[in-house]
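The block underneath contains the structure these notes are about, expressed in structure tokens.
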Amino acid sequence: MVNIQKFKDDPDVIKNNDYNLSVQRVFFLDEVHRSYNPKGSFLANLELADKHSIKIGLTGTPLLGSEYNSKTLFGDYMHKYYYNLSIKDGYTLRLIREEIETNYKLVLQEALENIKVLQGNIDKKKLYADHRFVEPMLDYIVKDMEQARIAMNDYSIGGMVVCDSSGQAKMMQEIFEDKYAEKSEIVFNQAAEEPASYGDKKREESKINKAQVILHDIGTKQDRRDWVSDFKVGKLDLLFVYNMLLTGFDAKRLKKLYIGRKIKSHNLLQTLTRVNRTYKTHKYGYVVDFADIQKEFDKTNQDYFNELQSELGDEMQHYSNLFKKPEEIQEEIEEIKDVLFKFDTENATVFSDQISEINERSEIRLVAKALNNAKELYNLIRLSGNFELLEKLDFRKLTVLARLTNDRLGLINTRIALENNVDTENILNTALEDVIFAFTKVKEEEMILADELKNTLGRTREMLAGNFDPKDPIFISLREELERLFKKKNLSEVSKEEMEANIKALNAIYDKAKTLERENQLLKAKYDYDAKYARIHKRLMEKDPLTDSERKLFDALKGLKTAVDKEILQNSKLLENESYVEKMMMRLVVSQFKKEQKIDINTTDVRRINSLIVKEYMNEYNGYVA
């Protein structure tokens, strides 16, 4: 087996010097989307080297043009492996296309107009390479990269800018060196300064201050190899390119691609996939599109789909999986809504109070995961072109809630680390800067007094007594556990060992009761603090749930509450006739559950719902305690 880089224009480049030996040569050709134009020399040299050879071409983006394509040159496909499978198998990532901000588009458009006024109808290449256009474009890129590092919590990611021309790439480098590049500073003796805060350190780490232009006429071949190697290992933050590195360049840390010009055919897909390599825990590669700036508001995020469709024809169904489908986005939106259902997402202050009561790491992780996913979905929706999905969630508000939740998760992680005697040097250096250290130290040995046992018992009993839903299975089990402790002979013992054991058991009950109370109050708030419907909601979710979606059940019950309360408001004596109430409720239950919310319920379900609701209203009317 021989590795051949290129074939010369020489029919004798491959000779058979053996005696009467019949040789069957097989050429495995990589990256066959490049250099295989029948009008070029490479294909001709290859063919003449051995006309009887078997040629097997390998490519991730076969040529599909009408003039010539991969199948014409190499025959039918022997094997296909599509992006959807590659993503599923974990070899590549999906992409998010980010549209540049509208206000920034206006800045660029204004720069273009100013240049045109001063220089007239100059060549577009020169127009886009003018420093008055390049500088604001570079400002946006640097700021976006720094924000991406902070948002992704990964300061090792890098970016690549595909420039409109080699002239623009050179201008990018020139301005970058002048404005952003690290400069050696002379250090003078001076008074000691206060240590930088954690937030300042993180902002400093996110700084973009090392970049390199990669062009065929800049540096030697070895220089370019070194620069590429430096980028791969993280010594460079940004690369400015024109035609180089758009195919075959594999740098896992490259997670932001800035496209500054139109790219056609297979080259488009090759360029996009520079950022789809798996890296650490990243889920997506990001493509920032500058290429539509001349048509600002006329272009939509459907551009990439349309371009791929025109180039790939019937194969589009496979390549489109490079991007996330609108149906998948909608499904994830529904999942986020389900997770956040119990919380007040309209009021950040109330939400902060609600999550501050959560002490279980698994529970806060679930909320944090949903909110962090919402931030990613914002760009995915813009990518898909289905802008109506943006109305499904208040993404800007959820970004604020995500920050609050991540802070709370950080606190809980810190507490757990401290309580388990984990090496906390790094945690203490990072977790206490911008958030409140909101947990009580419990590790110090203390003299436990007899009245602490009494106070703990009273606190636990009061927490359980405040529960508005005594039929809750969790409440029943906690009450039974408390009763078991009451009956133990050693509950009144005042020895240190007995008190410690009993206080620990009581605190465990109290913590569970407090969690239950918090969840009850969250649900109660969803129904405008009407405990009746919170209890009904829980009963319908406990056994044989009517729907897998708790949110759907809520929508049905909330609609039912509105309808029932309206009827009672119009006729205050209605509750005096229980049989009439039952008939009225039956009609409203069917209307809200089956017709409005499309929940598939049968006659038994209707009777079950009706029984619960009528009983709650009649108990309230008659003054009975739940």
Can you tell me the accessible area per residue over region 492-626, all protein chains present, probe 1.4 angstrom, in square angstrom? 55
Residue-span extension gain [residue 543 to residue 574] - 0.36 nm each, minus C-alpha spacing: 8.1 nm
Working out 0.36 nm times the residue gap between residue 27 and residue 283, then minus their Cα-Cα distance, what length gain in nm do you get to one decimal? 88.5 nm
So for 617, 77, 580, what's the accessible-area order with a 1.4 Å probe, most first? 580, 77, 617
Please compute, for the alpha-carbon atoms of region 522-609, the extent along each of the three principal axes and give them in descending order in Å. 37, 30, 21
State the percentage of accessible surface on region 552-626 attributable to carbon and sulfur atoms; use a 1.4 Å probe and exclude ligands, DNA and RNA. 48
Rank these by accessible area, largest first, 1.4 Å probe: 537, 79. 79, 537
Roll a 1.4 angstrom probe over the protein heavy atoms and tell me the percent of accessible area of region 203-249 that is carbon or sulfur. 47
Greater than 29 Å apart at Cα, pairs in 88/594; 124/207; 504/615; 342/561; 179/221; 283/543: 88/594; 124/207; 504/615; 283/543
Expressed in nm to one decimal, what extension gain is obtained for the pair residue 107 and residue 47 from 0.36 nm per residue of sequence separation less their Cα-Cα distance? 16.3 nm
Neighbourhood net charge (13 Å Cβ-Cβ; Lys/Arg +1, Asp/Glu -1) for residue 165: +2
Given 465-477, 130-142, 601-613, the highest-first ranking by average Cβ count within 10 Å works out to 130-142, 601-613, 465-477
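The values are calculated or read from the model by the stated rules, or taken from the named source; none is laboratory data. What you are looking at is a predicted structure, and each value in this text was computed from that prediction instead of being measured. Glycine gets a Cβ as well: all are built from the backbone with ideal geometry, and neighbour counts include every protein chain shown. The area values use the complete protein model at the heavy-atom level, side chains included, leaving out ligands, DNA and RNA. Shrake-Rupley method; radii C 1.70, N 1.55, O 1.52, S 1.80 Å.
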